[in-house]
Amino acid sequence: MKAVKILNGNQTIAEAARQINPDVVAAYPITPSTAIVETIAQFKADGMISSEFVCPESEHSAMSVCIGAAAAGGRVMTATSSQGLALMWEMLYIAAGLRLPVVAAIVNRALSAPINIHGDHSDTMGARDSGWIQIYSENCQEAYDNFIQAFRIGEHLDVRTPVLVGLDGFIISHSAEPVLIEDDREVRSFIGEFKPVFPLLDTSRKITVGPIDFTDYYFEHKRSQIEGIENSPRVIEEVGREYGQKFGRFYGFFEEYRMDDAETAIVVMSSAAGTGKDAIDELRSEGLRIGLLKPRVFRPFPHEKIAEALKKIKAVAVLDRASSPGAFGAPLFTEIRSALYDYGQRPKIVNYVYGLGGRDINVEHFKEVAAKLQKIAETGKVEEMLGYLNLRE
């Protein structure tokens, strides 16, 4: 039966995995996602799941096991962070290229160097063009809900694409809060029975997986792969709506917070959105007409929907928890600015990088951004297109 439990983000992902009971879990522990793997291993030892649990010698090997298990016809998951995801890099592209619906919980953590174990989005943003669907979580409840939905999204026959679910390292992974855990049977009913497509263990079919593919058909096969992620927006919305009808929490591509009459807006993903909402409430009480937009799905990027939500705003600040050295702005900023390009009416837009290596962002930092947006809205002039928050310079 459903119950409210006090869990941190890692425990929440493990609880969802227990309920889903995938055929294979292959993972190598790395901070700050270690407890996901440890907890699932304990579930296996206690006989609470029937999953085949594999702990290989590295994250590269873990994703290799996932690929093999998924190609054989299994429902498969993994979990990792930072350097672990980077070590999987080669295999991420293979999983996507083979249209294998592997699901990965990524506890977002900064990439070295310098060595840092705290949360930012440099790991998953580095993988943004690997062909994986990317979903981000504000808190433990969203991490639980997103992880369950990820299986339905990735396994849909029109999609058949791997999915990663991000949750901020330590801020979410190690912070405990009340989480509504749904009934086991209801979750399994929502997920449904896994239906493999062309599994290698089906000896009645003769297929080849991962062949050499030179100039003759590589281009066509890559286009076919891209079609899966291009088909996913409809499925993401359908699954989010069905999840809401069943469990009472509805999900789409993004959340709009106090945006109805907003003149300025802040765009921010993941855990910082919670702090941002507190700041918006305080600023509203001071008479400022400001709102917040929290993207949930970064890949596929919902450019038309986000542009429609922001086009009438006077000034927008996009906050990125990752940098993109040498680019004109950080990853989320460049996507949103591009989405607004063709609109005759569009806001002035600025970009702030924040929180690298887990550095705090608090209400005062959001208020600092809001003050700059207010000045831009009043003057129509942008003095600083790109900047940093809470940085010693």
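Values quoted throughout were computed directly from the atomic coordinates according to the rules given, and no laboratory measurement underlies them. This is a predicted model, so every value here is computed, not measured. Cβ: placed from backbone, ideal geometry, glycine included. Neighbour counts: every protein chain shown.
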Take the Cα gyration tensor of region 254-388, multiply each eigenvalue by 5, square-root it, and list the three semi-axes largest first, rounded to whole angstrom.
-> 19, 18, 15
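Using a Förster distance of 30 Å, how high is the FRET efficiency between residue 202 and residue 55, based on the Cβ-Cβ distance and rounded to 0.05?
0.60
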The chain: antiparallel DSSP beta bridges as a percent of all, rounded to 5 = 25
Quick one: 193, 304, 138, fewest Cβ neighbours within 10 Å first, how do they rank?
-> 193, 304, 138
Contact order normalised by residue count of the chain, Cα under 8 Å, 6+ apart, percent | 16
Would you kindly derive the ³J(HN,Hα) couplings of region 354-367 from the backbone phi angles with the Karplus curve 6.51 cos²θ - 1.76 cosθ + 1.60 (θ = phi - 60°), listing them in order in whole Hz, with x for Gly and Pro?
-> 9, x, 5, x, x, 4, 5, 10, 10, 4, 5, 5, 5, 5
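Send over the Kirkwood Rh of region 308-374, from the inverse of the averaged 1/r over different Cα pairs, rounded to one decimal Å. Mind dumping the intermediate values first?
On the way: mean 1/r = 0.0779 Å⁻¹.
For region 308-374, the Kirkwood estimate is 12.8 Å.
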Would you kindly state how much longer the chain becomes between residue 184 and residue 115 on full extension, computed as 0.36 nm times their sequence separation minus their alpha carbon distance, in nm to one decimal?
-> 20.9 nm
Rank 179, 187, 382 by mean-square fluctuation in a GNM of the chain with C-alpha springs under 10 angstrom and give only the top-ranked residue.
-> 382
Filter the cross-link list 5/277; 195/294; 222/294; 44/195 down to pairs whose alpha-carbon distance in this structure exceeds 26 Å.
-> 195/294; 222/294
Please report 275, 12, 39 as a ranked list, fewest other C-beta atoms within 10 angstrom at the top and most at the bottom.
-> 275, 39, 12
Grab the DSSP H runs of the chain that are 4 residues or longer, score each as -39,500 (n - 2.57), total them, divide by all residues and round the 222 nm result to the nearest 500 deg cm²/dmol.
-> -12500 deg cm²/dmol
Could you list 352, 218, 243 in order of exposure, starting from the residue whose Cβ has the fewest other Cβ atoms within 10 Å?
-> 218, 243, 352
Residue separation times 0.36 nm, minus the C-alpha to C-alpha distance between residue 385 and residue 3: what's the value?
-> 132.8 nm
